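A.B. asks: Okay, here's the structure, questions in a sec.
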Number of protein chains: 2
Amino acid sequence: MFSSDDTPKPLRGTRRSLPIALLRARETVMGPIREMLSQSNINEQKWRVLRVLDERGPTELTQVAKDACLLLPSLTRIIRAMEEEGLATRGTDPDDRRKSIAAITEAGRALILAHMAESNAIFARLERDFGQEKVEQLLDLLDELQTLDLYKP
Amino acid sequence: MFSSDDTPKPLRGTRRSLPIALLRARETVMGPIREMLSQSNINEQKWRVLRVLDERGPTELTQVAKDACLLLPSLTRIIRAMEEEGLATRGTDPDDRRKSIAAITEAGRALILAHMAESNAIFARLERDFGQEKVEQLLDLLDELQTLDLYKP
DNA sequence: TCCTTATACTTCACATGTTAAGCAGTTTTC
DNA sequence: GAAAACTGCTTAACATGTGAAGTATAAGGA
């Protein structure tokens, strides 16, 4: 008998707002990771691009943007910088010359390797403090939520 | 016998990376909300500030920044714009004149009201597609995660 | 083939994110 | 009761976020 709509309900408190809760939770988790990355003069965005390229191999930019949660205009600039820093390369798809295909370099892979131990340590700390089960549960829920399409219907 | 560390384990896939998963899930949820807000010429950040001010009443900027997940330099600009648009006011704390206290205006509250129905509808759609229980579960997990302190120990 | 439409970016302009420096007001220390 | 240290916010400079317009290539239709 609690959450029925017998009163004109206001907006949920910000702690029960999914977008805000997701953002705040992310800030918590990103704290130590940002600290780690700052030692390599690399930011969150480049780190995401590196991991996506490492995971998928050579990939067209539109796909990279989707996977790394970046818009194409941002990715254009970021990839350009990463090329200059030797972290990524790019070329034109011979089958469709509109497409630009990016790939991680050895230096990029080395950067990932260089942070692997600490990254895993941060995750281990999270599992210790939050609980291994809860982390799994949360990842499962997020993974499923990602796949929804919430537009209109 | 699966996830033991008997092999030099690589980084988790990006779908099992909590920061990336949080970001992707948030993008999914924010889609319809951004659509809603764009009709009022308001962006995510101003919306968060409005909701925090509505929820807490007059609040010093440092606290607003924490709650709305903004850095102070961003908040400085955003609050200035919101003052000009009549959505918020601010004054100096008489007890500590370093502090600036912001408050929501009637126009600000009206803007929240104007979007309440649609906001609740979006949330209802989420509950329908994702499941009410899972939404609750997710919010609980996120709320708890927010409160952790993951620095060093 | 020519024309239209669509796709895959890129560029532009302006807002926000981020770090470092600056400044006024407050507290601490001697 | 000042000098030193700290706090709360602002400014500055540059990177990224974002929507709209622009460019080049590709695909489809008359």
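The values are calculated or read from the model by the stated rules, or taken from the named source; none is laboratory data. Keep in mind the model is a prediction, meaning the values are calculated, not measured. Here the Cβ is made from the backbone with ideal geometry for all residues, glycine too, and neighbour counts use every protein chain on show. We work out accessible area using only protein heavy atoms, side chains counted, and drop any ligands, DNA or RNA first. Shrake-Rupley method; radii C 1.70, N 1.55, O 1.52, S 1.80 Å.
A.B. asks: Over the whole of B:122-135, what's the average partner chain Cβ count within 10 Å per residue? Rounded to a whole number, please. Kindly include the intermediate steps, with their values, before the conclusion.
C.D. replies: On the way: counts 3, 5, 0, 5, 4, 0, 2, 5, 6, 2, 1, 0, 4, 4.
What the average comes to for B:122-135 is 3.
A.B. asks: In nm, what does the list of distances from B:Asn43 to its counterparts in the other copies look like, shortest first, when each label sits 7 Å along Cα to Cβ?
C.D. replies: Label point to label point, same position, other copies: 1.4 nm.
A.B. asks: How many nanometers, to one decimal and shortest first, lie between the label point of A:Pro10 and those of its other copies, if labels sit 7 Å from Cα toward Cβ?
C.D. replies: Computed spacing set for this position: 5.0 nm.
A.B. asks: Then there is this: Heavy atoms only, probe 1.4 Å: what % of the accessible area of the protein assembly as shown goes to carbon and sulfur, would you let me know?
C.D. replies: Answer for the protein assembly as shown is 51 percent, counting heavy atoms of protein chains only.
A.B. asks: Work out the length of the dipole vector of chain B about its Cα centre, built from +1 on the beta-carbon of each Lys and Arg and -1 on the beta-carbon of each Asp and Glu, and round it to the nearest 20 debye. Could the numbers behind the result be given before it?
C.D. replies: Details: 23 positive and 25 negative charges, 113 e Å.
Dipole about the Cα centre, nearest 20: 540 debye.
A.B. asks: Next up: Given a Förster radius of 30 Å and the C-beta distance between B:Asp96 and B:Leu71 as r, what FRET efficiency does 1/(1 + (r/R0)^6) yield to the nearest 0.05?
C.D. replies: That gives a FRET efficiency of 0.90.
A.B. asks: Could you pull out the longest piece of chain A with no exposed loop trypsin sites (Lys or Arg not before Pro) in it, calling a site exposed if DSSP puts it outside H, G, I, E, B and it has at most 13 other Cβ atoms within 10 Å?
C.D. replies: The longest such stretch corresponds to A:1-96.
A.B. asks: With the crude spin-label approximation of a point 7 Å out along Cα→Cβ, what separation in nm comes out for A:Glu60 versus A:Asp143?
C.D. replies: My value for the distance between the label points is 2.7 nm.
A.B. asks: Let me know the charge dipole size of the range A:104-153 about its Cα centre in debye, to the nearest 20, where only the beta-carbon of Lys, Arg (+1) and Asp, Glu (-1) is charged.
C.D. replies: With only Lys, Arg, Asp and Glu charged at Cβ, the dipole is about 180 debye.
A.B. asks: Same structure, new question: Chains B and A: what accessible area do they bury, summed, in square angstrom to the nearest 100, with a 1.4 Å probe? Numbers along the way, then the final one.
C.D. replies: Working: alone 11840 and 11850 Å², together 16680 Å².
Separately minus together, B and A give about 7000 Å² buried.
A.B. asks: Compute the label-point distances linking B:Arg125 to its equivalents in the other copies; points lie 7 Å from Cα along Cα→Cβ; give nm, one decimal, shortest first.
C.D. replies: 3.9
A.B. asks: Please quote Rg/Rh for the range B:1-132 to two decimal places, taking the Kirkwood radius as Rh and restricting both calculations to Cα atoms.
C.D. replies: Details: Rg = 19.5 Å, Rh = 17.3 Å.
My calculation puts Rg/Rh at 1.13.
A.B. asks: Calculated FRET efficiency, B:Asn43 and B:Ala110, Cβ-Cβ r, R0 22 Å, to nearest 0.05?
C.D. replies: With R0 = 22 Å, the Cβ-Cβ based efficiency is 0.80.
A.B. asks: Under a 1.4 Å probe, what is the accessible area of the range A:63-153 per residue, stated in Å²? Write down the numbers at each step before the final one.
C.D. replies: On the way: 5140 Å² over 91 residues.
Accessible surface, normalised per residue, equals 56 Å².
A.B. asks: Also, quick follow-up: Compute the FRET efficiency between A:Ala81 and A:Glu118 as 1/(1 + (r/R0)^6), taking r as their Cβ-Cβ distance and R0 = 30 Å, and round to the nearest 0.05.
C.D. replies: Numbers: r = 23 Å, r/R0 = 0.77.
After rounding, the FRET efficiency stands at 0.80.
A.B. asks: Counting only Cβ atoms, what residue of chain A lies nearest to the axis that sends chain A onto chain B, and how many whole Å off?
C.D. replies: Taking Cβ atoms only, the nearest residue and its distance are A:Leu22, 3.
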